[in-house]
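Note sheet for the following structure.
Please treat every number below as a calculation from the coordinates, not as lab data. None of these values were measured; they are calculated from a predicted model. Neighbour counts are summed over all protein chains in view; Cβ atoms, including those assigned to glycine, are modelled from backbone coordinates with ideal geometry.
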Amino acid sequence: MMIKYLIQKEFLQIRRNGFLPRLILVFPIVIMCVMPWVMNQEVKNVRVDVVDNDHSTLSGQLVHSIEASNYFIFCGQKPTYQAALNDIETSRADIVLVIPQDYSRGMTNGRQPQVLIAANAVNGTKGAIGSAYLQQIVTAQVAPSAAAIQSKVSTLALYNKHLDYKVFMIPALFAILLMLMTGFLPALNIVGEKEKGTIEQINVTPVSKWAFILAKLIPYWLIALFLITVCLVLSWLIYGITCQGPLVLIYLLAMLLALFFSSLGLIISNYSDTMQQAIFVMWFFVVCMLLLSGLFTPTRSMPRLAYLTTYVNPMHYFIDAIRTVFVRGGGFSSIAHQVFALLGISSLMALWAIQSYKKNH
C-alpha cells in the first residue's frame, strides 16, 4: 500500500512541473512529424558539372540524360576540367563528368570511349552512390548491350516494396524517444531531490529501498507506453505505415527498453551529486549505445572490437527486434533471443538501481 502513495507522489511531481507534461506530449509529436523526413540516407540531389570536349550530338544527348535524371542537379557545363574541379573544391559541385574529344567518333567506330567521372569522396557514401548513378547513365549510351542485359535482371524488394526509407527509420525513432524520455528524466529525478533537500524526508521514513526505486520506475514505464502509442498512431495517420507484426510485441519491447534506461538513469542519479554531473554521464552512455547499436549503420560493418560491444548493448537488441516485428511482421519466435537478452540486461540494471540507492536513517 505504501508504494501506491509513492507512485502517486511521482505523478503529482510530474504534473506540477510546468515543463515535463508539455515535453512528454509535444516531444513525440515533433519527432514523428519531422524526423522521418530528415533522417534519410537516400542519396539524391547530387550536383554535377559536365566538361564536354566533344560538342557532338551524342555528347549532347548524354548531357540531356543527366539533366533529366531525378538524382542529379545539373550545375551546367564548364570549359575545362580544372574549372569544374574548382567547383568541387568550393562545394558548388559533387561530381564532374568529362566527355573526351573523340567521344562521338569512338561510338561511331564501335569503340567504347573513356569517360572520366571525378567524385568528391569526402562523404564516401554520397560519392560512391552518386558515381554509380552517373555510371549507369553513361553505360546506357556507351554500352547499350550491357544496359540491355542489366534491364533483364528482375529485383524483388521484400518487406518494403516501395523502398521507402521512412519504413526503416520510424522503428528507430521509437528507440530514440524511449532512450531520451525514460533515460534522462529518471537520471534527473533523485539527484534533483538531493539538490532540493527533499530526499532527506524519504530517508527518515520506513520506506524500503526496493519500494522507493520501484515507485520511481513505474511512472516512466507508463510514459513509455504512452509514447509508443502516440508514435504508432502518428505513423499510421501521417505516413500510412503500420506495424506488420503483433502490437503486443512492440509494447513488450518498449517496456523492456524503458526498464533498462529508467534503471540506468536512476543508477546514475544515485551516484551523482548534481544535475549537471548526471546529465553528462547519461549523455556519455546514450551516445555510445546509440552509435554502436546499428540504428544508422549495419553492425556487421563495424570493426571486430566494436562489434563485440553489441552483445551487451540493449539498444542493438531492441532495434533489431522492433524492425523485425514492425517491418517484417515477425512473431515472438523471430525475436526470442533479443527479448531474453533485453530481459536479462534490464533485470540486472534494475537490481543495481535498488542496491545503489543509499538510504540513510
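Cα centroid separation, the range 226-263 to the range 275-298: 21 Å.
Placing +1 on the Cβ of every Lys and Arg and -1 on the Cβ of every Asp and Glu, with nothing else charged, gives the chain a dipole about its Cα centre of roughly 1080 debye. Shape of the range 46-151 from the C-alpha gyration tensor: oblate (a/c of 1.5 or more and a/b not above b/c, with a ≥ b ≥ c the square roots of its eigenvalues).
Measuring how big the range 218-263 is from its alpha-carbon positions, Rg and Dmax come out at 11.3, 34 Å. Note on the chain: with a GNM built from Cα contacts shorter than 10 Å, the maximum mean-square fluctuation among 133, 317, 220 falls on 133. So what does log10 I(q)/I(0) come out to for the chain at q = 0.08 Å⁻¹, using the Debye formula with one equal point on every Cα and no solvent? Values returned for q = 0.08 Å⁻¹ are -0.57. Cut-off 10 angstrom, C-alpha nodes, Gaussian network model of the chain. Which of 228, 14, 218 fluctuates the most? With Cα springs under 10 Å in the chain, the top fluctuation among 228, 14, 218 is at 14.
Taking K and R as +1 and D and E as -1, what net charge do the other residues with C-beta under 13 Å from the C-beta of residue 51 add up to?
Working: positive: 78; negative: 49, 52, 54, 87.
Net charge around residue 51: -3.
Among 165, 248, 98, whose Cα sits farthest toward the positive end of the charge dipole of the chain (+1 at Cβ of Lys/Arg, -1 at Cβ of Asp/Glu, about the Cα centre)? The one lying farthest along the dipole's positive direction is 248.
The tail of the calculated P(r) for the range 222-339, taken as Cα-Cα distances beyond 26 Å, holds 28 percent of the pairs. By the rule of a C-alpha distance below 26 Å, with chain neighbours fewer than 8 residues away ignored, the lysines paired with residue 209 are 4, 9, 194, 196, 358, 359.
A DSSP coil position with no more than 14 other Cβ atoms inside 10 Å describes the following trypsin sites (Lys or Arg not before Pro) in the range 17-54: 44. Inter-part distance, the range 158-176 to the range 312-345, computed on C-alpha centroids, equals 16 Å.
Helix 57-68 and the long axis of the chain differ in direction by around 20°, with both axes built from C-alpha atoms. Calculated mean residue ellipticity at 222 nm for the chain: -22000 deg cm²/dmol, from DSSP H runs with n ≥ 4 weighted as -39500 (n - 2.57), summed, divided by the residue count and rounded to 500. For residue 72, the residues 5 or more places off, or on other chains, whose built amide H falls under 5 Å of its own are 45, 46. Loop-located GluC sites (Glu not before Pro) across the range 1-88 with a Cβ neighbour count of 13 or fewer within 10 Å are 42, with loop assigned by DSSP.
Note down the net charge around residue 61, summing +1 for each Lys or Arg and -1 for each Asp or Glu among other residues with Cβ under 12 Å from its Cβ. Before the final figure, lay out each step's value.
On the way: positive: none; negative: 52, 54, 67.
Charge balance near residue 61 sits at -3.
Taking the C-alpha atoms only, the angle from helix 20-38 to the longest principal axis of the chain is near 20 degrees.
When the chain is treated as a Gaussian network with alpha carbon springs shorter than 10 Å, the biggest mean-square fluctuation among 182, 274, 125 belongs to 125.
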